[in-house]
Amino acid sequence: MNWIQIIGLAAGSACTSGINLYATVAVLGLLQRYGLARLPGELQALDNWWVIGFALGLYVVEFFADKIPYVDTVWDAVHTFIRVPAGAALAFAATTEMSPAVQVIALLLGGGLALSTHGTKATVRAAANVSPEPVTNWILSLVEDVVAVGAVVLAVVSPLAILIVVAVFLVLFLWLLPKVWRRLRRMVRAARDFFGGRDSTATRA
């Protein structure tokens, strides 16, 4: 694979990890397993049936948790500590056949991209929870699944196209960054209070 294909796949998988990590891993593994794609570097390990099965199982859990108002916010808060490092790891794994300097850059950028997509997703979903009806959550969740799977396939089929999509997203993200950052801070604080057994509402009071 040429460097554009590798970088495109690294960036694409890191971005989609922030939206739906388990769908990203499962789709990449299935594409490699059935010979529909040749993944670069250590990403080839994703075609193991144990990895695919574990990812699909967690995807099913997330599929339902992600459609319940407020449960999705807690799920996203916890996954701040999972999706971001996983996105960095996938980007790093994609570039293991390249120079160490490129691997380090891929690791940093992968984490940053995963954080940006995860933060955007979490902010939008938390805002949707203000609405009393659950339909908005269902629609957003389904759209996120489609976007995640579609972006992974696009990264494999057309790495240059996914790089353009990522660049456009980053421009929009920088515009929304202040709101995303405030929401992420609230989510991290809520997750800390949750695991610490404290009532975040009482803490703020």
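The values are calculated or read from the model by the stated rules, or taken from the named source; none is laboratory data. In this text the structure is predicted, and so the values were computed from the model without any measurement. Using ideal geometry, Cβ is built from the backbone for each residue, glycine included, and neighbour counts are taken over all protein chains shown.
A few points about this structure:
- For region 20-40, the set of residues classified as crowded, with 24+ Cβ neighbours inside 10 Å and either closer than 12 Å to Val149 by Cβ or in contact with a strand residue (DSSP E or B) (Cβ under 6 Å, 6 or more places away or on another chain) (or both) consists of Asn20, Ala23, Thr24, Val25, Val27, Leu28, listed by residue number.
- The C-beta contact set for region 143-169 (first residue more than 26 Å from Ala128 (Cβ to Cβ), second residue exposed (fewer than 15 other Cβ atoms within 10 Å of the Cβ) and of a type outside the set (Asp, Glu), distance under 8 angstrom, 6+ apart or interchain) comprises Val156/Leu36; Pro159/Ile4; Leu160/Ile4; Leu163/Ile4.
- Considering region 125-146, the residues that are under 15 Å from the mean Cα position of the chain (by Cα) and either of a type in the set (Gly, Ala, Ser) or surrounded by 19 or more Cβ atoms within 10 Å (Cβ to Cβ) (or both) include one that is modelled with the highest pLDDT, namely Glu144.
- Residues that are more than 17 Å from the chain's Cα centre (by Cα), under 22 Å from Trp3 (Cβ atoms), assigned to a helix (DSSP H, G or I) and not aliphatic (A, V, I, L, M) do occur in region 25-32.
- Taking (1) over 18 Å from the mean Cα position of the chain (by Cα); (2) at pLDDT 95 or above; (3) closer than 21 Å to Asp145 by Cβ; (4) of a type outside the set (Asp, Glu) in turn, Ile52 satisfies each apart from (1).
- Of the residues making up region 64-81, those that are part of a helix (DSSP H, G or I) and either acidic (Asp, Glu) or modelled with pLDDT of 95 or more (or both) are Asp72, Asp76.
- Restricted to region 51-68, and to residues there that are among the β-branched types (Val, Ile, Thr), without any contact (Cβ under 8 Å) to a residue 60 or more places away in the chain and surrounded by 15 or more Cβ atoms within 10 Å (Cβ to Cβ), the residue that is nearest to Pro134 (Cα to Cα) is Ile52.
- Yes/no for Arg83 being surrounded by 19 or more Cβ atoms within 10 Å (Cβ to Cβ), among the basic types (Lys, Arg) and either under 24 Å from Val157 (Cβ atoms) or touching a Pro at 6+ places or on another chain (Cβ under 7 Å) (or both): yes
- Lone qualifier among Ala126, Ala101, Ala114, Ala91 - being free of Cβ contacts under 8 Å to residues at least 24 places away in the same chain and of a type outside the set (Val, Ile, Thr): Ala101
- Annotation note: of Gly18, Gly8, the sole residue that is small (Gly, Ala, Ser), touching a residue at least 40 places away in the same chain (Cβ under 8 Å) and in contact with a Lys or Arg (Cβ under 6 Å, 6 or more places away or on another chain) is Gly18.
- Scanning region 69-111 for residues that are among the aromatic types (Phe, Trp, Tyr) and over 17 Å from Ala126 (Cα atoms) gives Phe81, Phe92.
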